[in-house]
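The values are calculated or read from the model by the stated rules, or taken from the named source; none is laboratory data. Since this is a predicted model, take the numbers as computed values, not measurements. Cβ: placed from backbone, ideal geometry, glycine included. Neighbour counts: every protein chain shown. Accessible surface areas use protein heavy atoms only, side chains included; no ligands, DNA or RNA. Shrake-Rupley method; radii C 1.70, N 1.55, O 1.52, S 1.80 Å.
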Amino acid sequence: MILSLGDGFDASSVVQTLGRATFKGRIALKENKFDHVTVLMPAKDYTLARKMQKYLNDLIRRLRDDNFSHAVTGANEKFPDSVNFIRHTDRRVGGEKLFK
């Protein structure tokens, strides 16, 4: 799979596009005798996707342990840098362009 989305696509679009070939299409892959997917994509987008998934996993854990506003804002526990996907992209997040 070659994933090369232009600058106009937001961070979520990158992650969603990557997921189409690596998760939702898994049944079709197996039916066509493929056991894995190789992805060629910009390193920044790959790092963005990996870190965004780590962020979501950490957020889910916090939501189980804490109330919503504390979990989302990091009021009780700061988010570690290992989940900071925003630092690795110039793409929009949630409809807003973030400037470094």
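Figure the gain on full extension for Val39 and Lys54 (residue separation times 0.36 nm, minus the Cα-Cα span) and round it to one decimal in nm.
Stretched fully, the Val39-Lys54 segment lengthens by 3.5 nm.
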Problem set entry | Rg and Dmax [Cα atoms of segment 41-80; Å; Rg one decimal, Dmax integer] | 12.1, 37
Seminar exercise, completed: In terms of the charge dipole of segment 1-73, which places +1 on Lys and Arg and -1 on Asp and Glu at the beta carbon, the residue among Val39, Ser4, Ala49 farthest towards the positive end is Val39
Exercise. Share of the chain's accessible area from carbon and sulfur, percent, 1.4 Å?
Worked result: 57 percent
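If you build the Cα gyration tensor of segment 1-65 and take the root of 5 times each eigenvalue, what three semi-axes come out, in whole angstrom, biggest first?
Numbers: eigenvalues 110, 64, 17 Å².
Value: 23, 18, 9 Å, ordered largest first.
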Problem set entry | Accessible surface, per residue, of the chain when the full set of protein chains is kept, probe 1.4 Å, Å² | 73 Å²
